[in-house]
Amino acid sequence: MCGIVGFAGKQGGEQAAPILLGGLKKLEYRGYDSAGIAVRDDVSGETRIVKAKGRLAMLVSKTDEGRAVPGFCGIGHTRWATHGEPSELNAHPHTSEDGNVIGVHNGIIENYQELKAKLMRHNYTFYSETDTEVAIKLIDYYYKKYLHTPVDAINHALVRIRGSYALAVMFKDYPGEIYAARKDSPMIIGVTQNGSKDDGTYLASDVPAILSHTREVYYLGELQLARLTADGATFYNLDGDEISIEPTTIEWEADAAEKGGFEHFMMKEIHEQPKAIRDTLNAYLKEGQINLASESGSAPLDLSSVRRIGVAACGSAWHAAMAGKYVIEKLARIPVDVDLASEFRYRDPILDEYSLIAVVSQSGETADTLAALRLAKERGIPTLAIVNVVGSTIAREADYVLYTYAGPEIAVATTKAYSAQLIILYLLAVQAAYEKGIINLDRYSALIQSMQQIPNAVERTLDNKERIQWFAAKYSSAQNVYFIGRGLDYAICLEGSLKMKEITYIHSEGYAAGELKHGTISLIEPGTLVVGVLTQEDLYEKTISNLVEVKSRGAYLMGLTTFGHYDLEDSASFVVYVPGLDPLFNASTAIIPLQLMAYYLSLARGLDVDKPRNLAKSVTVE
Ligand code: M6R
């Protein structure tokens, strides 16, 4: 979704505009439809705002790569339209009429109509359809009304704003300064004081934007404010009192957010899966045993007393949870209910029976997932977050945190984070089964050994990518694809289908194979591609029967199974084999060909693999 960058640099140091454009470039992956920057020219004292609709390249060219907007302090934004169409007028930064307050905003201001009406009664006029313009003018209103400092003016505005926001604001009367505030939308501040030209203070809504400049960052907390100058940052609470925030060092390598020789981030991230899996396993395996010590600093999770688990997540994270449900229920015999986070709170869930509510999220910022977590906390249920981004809001608010060690994921279509989420869920299942006395030490050790084989098995699966590439080229004009499977294979189908639709724009559905006859089979016509996933021995023959049923209605069959099941070729025209592990872990290898197939199909259709239309990497609004 939207991205924010800011830079308060030293006079004579690095110019702000190229830094802002560079930072925005790193945030492109989040999805956007327009972009803009505001930089204060220290000679004229004026702040220039330049905006462009469409790709960032438009803004880069319009500003002559930043050269046309001189100055050492500025803010930038990539907008993903919510209020008002994508246009230059609606793009950020927005400004008060006299240019007194200029700002950018991520999130949604729910009561913007009411605030706008109030401001109009005080003779404010509006040029855009955005909620952001309302926020900026509200800050301007309080600034002028009380002749307060920027911190007071922002605080007055914030207590009246309902919704979510990360705000970065510059005031005409305060040259060289940027003010930031946040609620439910991430904001980090990075500082460099190394004597180098790019010394100064950085602001960003996401780590990759500033990773090439600094790894020392402050995570701005809920309803906290920051004042940035070239020399550092000062933090305040809603009362305007100064507070202190501990800095954190980002462990990601500076080049982790680069393509590293691959044509697309997605392909790079697909290839990083063995490492993501290995790193995640290594973080929790100590001397042949699983140690799920939470990173939240709380006491370790006591799985022996867990009676029922609820999981809330969105998109692929929800699919990982669906796979986790099968594994946990089968191994540890703990009932697991998986909810779409966007549905969770609105069904007024009965939570008393849950010993644990877990949320799964790559970004740790997904609005619905965060809301589910907060609801569980409000109701007093212990919460566990399975999160990739260190220091994200979900990670900071959950009682227990188990990080996935996938590193930064840039492509909108998740691959390595999903794979790492599966690993955490397997670890939970195995450890719970052991702590509950359902499996003995031998089985426990065997399962751990099987998990340790996953990275190599994924590597071997990746080695076979040319076959998938060939198949994708053949099917690039497909209009509908159905993925069918049973049990754990159904969970794999859901994820395979999502990968397909989000980056190829081909209509696809992941279906429980046994459900086909209850409606969907009427959609099968000659040539329809049906992908059967068969990694579960006990369900193998049942799914074969379903495949044969659709084949006799004209479907073209692709089969996905483990090595050794060569009889599948009797039914399916194209079969992909993956190394078999303990069947409970087969999702980890089976998902790889499906990710590759979506990738190659997207490529063959000439689409933007990493930034599919209408999608954003992190969905921070409802
Ligand atoms: O950051 P999160 O894991 O909470 O994001 C959840 C979904 O938005 C995400 O998995 C989405 O479905 C991916 N684009 C799928 O590839």
Report, ordered by the first and then the second residue, all pairs with beta carbons closer than 8 Å, sequence separation of six or more or different chains, a first member in region 256-276 that is within 16 Å of residue 464 (Cα to Cα), and a second member that is among the hydroxyl-bearing types (Ser, Thr, Tyr). 267/599; 270/415; 270/599; 273/415; 273/419
When residues of region 75-117 are limited to those that are within 18 Å of residue 182 (Cα to Cα) and of a type in the set (Gly, Ala, Ser), the one surrounded by the fewest Cβ atoms within 10 Å (Cβ to Cβ): 107
Single unsatisfied condition, residue 474 versus (1) surrounded by fewer than 22 Cβ atoms within 10 Å (Cβ to Cβ); (2) over 30 Å from residue 329 (Cα atoms); (3) within 16 Å of the ligand (Cβ to nearest atom): (3)
For region 379-390, check the following and say yes or no: at least one residue is touching a strand residue (DSSP E or B) at 6+ places or on another chain (Cβ under 9 Å) and assigned to a helix (DSSP H, G or I). no
First in region 536-554 and exposed (fewer than 14 other Cβ atoms within 10 Å of the Cβ), second anywhere and assigned to a helix (DSSP H, G or I), Cβ under 8 Å, 6 or more apart: 537/583
Would you pick out the residues in region 355-370 that are small (Gly, Ala, Ser), at pLDDT 95 or above and more than 12 Å from the ligand (Cβ to nearest atom)? 358
Filter result for the condition that a residue is surrounded by fewer than 18 Cβ atoms within 10 Å (Cβ to Cβ), outside the structural domain of residue 315 (by TED's automatic domain parsing) and touching a residue at least 60 places away in the same chain (Cβ under 8 Å), over 505, 566: 505
Consider only pairs whose beta carbons are under 6 Å apart and that are at least six residues apart or on different chains; among these, list those whose first residue lies in region 408-434 and is farther than 19 Å from residue 314 by Cα and outside the structural domain of residue 445 (by TED's automatic domain parsing) and whose second residue is part of a helix (DSSP H, G or I) and within 12 Å of the ligand (Cβ to nearest atom). none
Could you please let me know if residue 387 is modelled with pLDDT of 95 or more, closer than 20 Å to residue 185 by Cβ and near the ligand (Cβ under 9 Å from one of its atoms)? yes
Could you tell me whether region 404-422 includes any residue that is more than 16 Å from the ligand (Cβ to nearest atom), in contact with a Pro (Cβ under 8 Å, 6 or more places away or on another chain) and part of a loop (DSSP other than H, G, I, E, B)? no
Against the condition among the β-branched types (Val, Ile, Thr) and within 12 Å of the chain's Cα centre (by Cα), how does residue 359 come out, does it pass? no
Check on residue 131, touching a residue at least 24 places away in the same chain (Cβ under 8 Å), within 17 Å of residue 2 (Cα to Cα) and either touching a strand residue (DSSP E or B) at 6+ places or on another chain (Cβ under 9 Å) or surrounded by fewer than 16 Cβ atoms within 10 Å (Cβ to Cβ) (or both): yes
Just checking, which of 39, 50, 60 is of a type in the set (A, V, I, L, M), more than 25 Å from the chain's Cα centre (by Cα) and crowded, with 23+ Cβ neighbours inside 10 Å? 39
Considering region 339-354, residues that are more than 16 Å from the ligand (Cβ to nearest atom) and touching a Lys or Arg at 6+ places or on another chain (Cβ under 9 Å), and then whichever is nearest to residue 582 (Cα to Cα), we arrive at 354
Mind listing whichever residues of region 197-247 are on the phi > 0 side of the Ramachandran plot and aliphatic (A, V, I, L, M)? 223
Looking only at residues that are hydrophobic (A, V, I, L, M, F, W, C) and in contact with a Phe, Trp or Tyr (Cβ under 8 Å, 6 or more places away or on another chain) in region 505-515, which one is nearest to the ligand (Cβ to nearest atom)? 512
Take the residues in region 594-609 that are closer than 28 Å to residue 488 by Cα and surrounded by fewer than 24 Cβ atoms within 10 Å (Cβ to Cβ); name whichever of them is modelled with the highest pLDDT. 600
Identify all residues within region 310-338 that are away from the ligand (no atom under 13 Å from the Cβ) and in contact with a Lys or Arg (Cβ under 8 Å, 6 or more places away or on another chain); write none if there are none. 332, 333, 334, 335, 336, 337, 338
Name the strands (runs of 3 or more DSSP E) wholly within region 43-121 that hold at least 1 residues that are in contact with a His (Cβ under 9 Å, 6 or more places away or on another chain), in contact (Cβ under 8 Å) with a residue 60 or more places away in the chain and closer than 17 Å to residue 7 by Cα? 73-79, 101-106
For region 482-504, the count of residues that are more than 16 Å from the ligand (Cβ to nearest atom) and either assigned to a strand (DSSP E or B) or of a type in the set (Val, Ile, Thr) (or both) equals 3
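The values are calculated or read from the model by the stated rules, or taken from the named source; none is laboratory data. Predicted, not measured: the structure shown is a model, and the values here were computed from it. Because the Cβ atoms are built from the backbone with ideal geometry, glycine has one as well, and the counts that use them run over all protein chains shown.
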